[in-house]
Amino acid sequence: MKAARIHRHGGSGELVYEDAPEPAIRADQVLVRVRACALNHLDLFVRAGIPGMQFAMPHILGSDIAGEVLETGALCSRVRVGWRVLLSPGLSCRQCEQCLSGNDNLCRRYTVFGYGMDGGNCEFLAAPEYSVIRIPDDLDFDEAAATPLCFLTAWHMLMNRARLLPGEDVLVLAASSGVGSAAIQIARMFQCRVIATAGGEEKLAKARELGADHAIDHYRQDISAEVRKITARRGVDVVVEHVGVATWPKSLESLAPAGRLVTCGATTGYDASVDLRYLFSKQWSVLGSFMGTMGELHQVLKFVFRKQLKPVMDHAYPLSEIRAAHERLERKEQFGKVVVRP
Ligand SMILES: [Zn+2]
């Protein structure tokens with residue numbers, strides 16, 4: 001089969017489109033013909049190399065996968081050949097206390113396609129039956145691939161970690177990102193007032209189109225000063241962070257008393273600080289979030305399948321042009337999800 005693989009860590013030039021062995025399925029796995037695979041920042045991190053993490057080489061990237069079921073193993077009883085499906089990006093042991101309590105993203109063996117195992121930047125993939133989720137006929141493969149990781153992450157951040165309530169004020173950093181565009185829509189669905197940040201006029205307009213009540217240019221405006229103006233000096237109840245050190249101080253300054261800042265990433269750097277005097281006197285909560293549970297994936301997919309939430313599509317490339325797809329993300333040119341098609 002054709003696959004895009006890395007043989008060592010480095011820049012986008014390390015991505016090689018080449019022939020690779022077709023995977024054989026185990027009895028509890030299904031063989032999926034990959035039709036679309038969406039990119040995430042995780043792909044860039046794994047490609048560049050993560051300190052302390054060893055990857056078996058050559059390695060196939062790609063966590064967000066949609067396609068058709070070609071074959072099912074002898075122990076599979078639910079999934080049928082021919083189904084159009086997406087795959088839950090998160091995989092776990094299904095046997096430990098956390099998994100059996102429904103917190104599979106806290107499993108010690110939790111991993112993600114394209115991270116702890118080969119991902120979907122290839123034609124055929126062996127996936128455990130439990131990860132397979134059937135999609136409706138009117139959802140195309142590009143949209144199906146663009147959905148799981150960013151909507152699951154945003155849902156877990158807002159619903160589980162930050163305990164979002166209807167009507168609250170929410171600040172979403174970087175509306176153009178997958179998580180940002182998903183968080184805006186989820187918060188709007190719960191009748192929240194959404195303030196989003198984006199870089200440049202074009203992206204600000206798109207943030208408003210997505211449902212943001214207010215949009216702040218994070219390159220040209222002072223985020224927390226604008227938030228204070230919009231909220232009559234109060235600040236917001238919830239901040240959705242994933243940018244990291246570049247926006248962290250302004251994100252904290254934007255919080256109302258008893259506000260919750262929830263973060264799932266640090267794309268601009270991780271070495272941020274918190275002034276403890278503000279943390280205790282204003283009774284803020286600083287919350288970490290990573291992926292989400294499979295139960296939550298099913299919860300958020302209901303809304304995507306009913307078209308109440310919609311993945312924002314940026315651009316689709318053939319898998320052979322994977323380098324250009326990575327470079328588009330690296331240059332921050334995208335608004336929404338970039339997809340490759342094997
Ligand atoms: Zn487990």
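The values are calculated or read from the model by the stated rules, or taken from the named source; none is laboratory data. What you see is a predicted model, and the numbers here were worked out from it, not measured in a lab. Virtual Cβ from ideal backbone geometry, glycine too; neighbours counted across all protein chains shown. We work out accessible area using only protein heavy atoms, side chains counted, and drop any ligands, DNA or RNA first. Shrake-Rupley method; radii C 1.70, N 1.55, O 1.52, S 1.80 Å.
Across all Cα atoms of the chain, the radius of gyration (one decimal) and Dmax (whole number) stand at 19.9, 62 Å. Around the Cα centre of the chain, unit charges on the Cβ atoms of Lys, Arg, Asp and Glu (plus for the first two, minus for the last two) sum to a dipole of about 780 debye.
Between D213 and L106, take the C-beta separation as r, use R0 = 35 Å, and let me know the FRET efficiency to the nearest 0.05. Don't skip to the answer; put the middle values down first.
Values: r = 34 Å, r/R0 = 0.97.
With R0 = 35 Å, the Cβ-Cβ based efficiency is 0.55.
Estimated at the nearest 10 Å², the accessible area of Y278 is 110 Å² with a 1.4 Å probe. Once the Cα atoms are used to define both axes, helix 294-305 deviates from the longest principal axis of the chain by about 80 degrees. With K and R counted +1 and D and E -1, the other residues having a Cβ less than 10 Å from that of R260 yield a net charge of 0.
Starting from the eigenvalues of the Cα gyration tensor, five times each then square-rooted, give me the equivalent ellipsoid semi-axes of the range 62-208, largest first, whole Å. Taking √(5λ) for each eigenvalue gives 31, 19, 14 Å, largest first. If I build a Gaussian network model for the chain, linking alpha-carbon pairs within less than 10 angstrom, which residue out of A325, A174, A27 has the largest mean-square fluctuation? Most flexible of the set in this elastic network: A27.
Quick check: residue separation of R228 and Q191 times 0.36 nm, minus the Cα distance between them. What number comes out in nm?
11.3 nm
Using Cβ point charges alone (K and R +1, D and E -1), the dipole size of the range 75-192 about the Cα centre works out to roughly 440 debye. Compared with the alpha-carbon gap, the fully stretched path from A258 to R94 is longer by 55.4 nm at 0.36 nm per residue.
What residues from the range 59-98 fall in the zone where the backbone N is under 18 Å from a label point 7 Å along the Cα-to-C-beta line of H7? Residues 59-61 fall inside that zone.
Assign one of three labels to the range 181-239, namely rounded, prolate or oblate, based on the Cα gyration tensor with a ≥ b ≥ c the square roots of its eigenvalues; rounded applies when a/c is under 1.5, prolate when it is not and a/b is larger than b/c, and oblate otherwise. Oblate is the answer for the range 181-239, as a/c is 1.5 or above yet b/c matches or exceeds a/b. Net charge of the neighbourhood of K282, taken over other residues with C-beta under 12 Å away and scored Lys/Arg +1, Asp/Glu -1, is +1. Label sites at Q221 and A56, each approximated as a point 7 angstrom past Cα along Cα to Cβ, lie 4.9 nm apart.
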